[in-house]
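A.B. asks: One structure coming up, written as structure tokens, with questions to follow.
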Amino acid sequence: FEIGEVLYYFQYQVGEGEPSTLAMVSVFGIPDREILQESFGTVWIARQGEAGIRVIRVQSIQSVVAMIPF
């Protein structure tokens with residue numbers, strides 16, 4: 001899985017079909033493995049936007065978390 005910040009939500013419709021609800025997401029980079037391991041998987045330190053920006057379907061969002069500046 002990946003962690004990202006939703007920048008905004010929007011709907012997109014192709015032709016006569018049902019509109020799809022999408023999200024523009026700034027994806028965080030890979031977490032610092034050393035800190036992740038030393039904290040037994042509880043502290044994730046990653047750089048915001050390091051993995052780019054992408055559009056995803058809102059149905060693919062699995063959970064909501066807080067990423068506190070470090």
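What follows draws every value from the coordinates through simple rules; no lab data is involved. Computed from a prediction, not measured in an experiment: that's the story for all the values here. Reconstructed Cβ throughout: ideal geometry from the backbone, glycine too, with neighbour counts over all protein chains shown.
A.B. asks: Taking the stretch 20-44, which residues are surrounded by fewer than 15 Cβ atoms within 10 Å (Cβ to Cβ) and of a type in the set (A, V, I, L, M, F, W, C)?
C.D. replies: I30, I35, F40, V43
A.B. asks: If the Cβ limit is 7 Å and pairs must be 6+ apart or interchain, which residue in the stretch 43-56 that is over 22 Å from T21 (Cβ atoms) pairs with which residue that is outside any loop (DSSP other than H, G, I, E, B) and among the acidic types (D, E)?
C.D. replies: Q48/E5
A.B. asks: Let me ask something else. Within the stretch 1-19, restricting attention to residues that are of a type in the set (D, E) and more than 13 Å from R54 (Cβ to Cβ), which residue is surrounded by the most Cβ atoms within 10 Å (Cβ to Cβ)?
C.D. replies: Checked the stretch 1-19; the qualifying residue surrounded by the most Cβ atoms within 10 Å (Cβ to Cβ) is E18.
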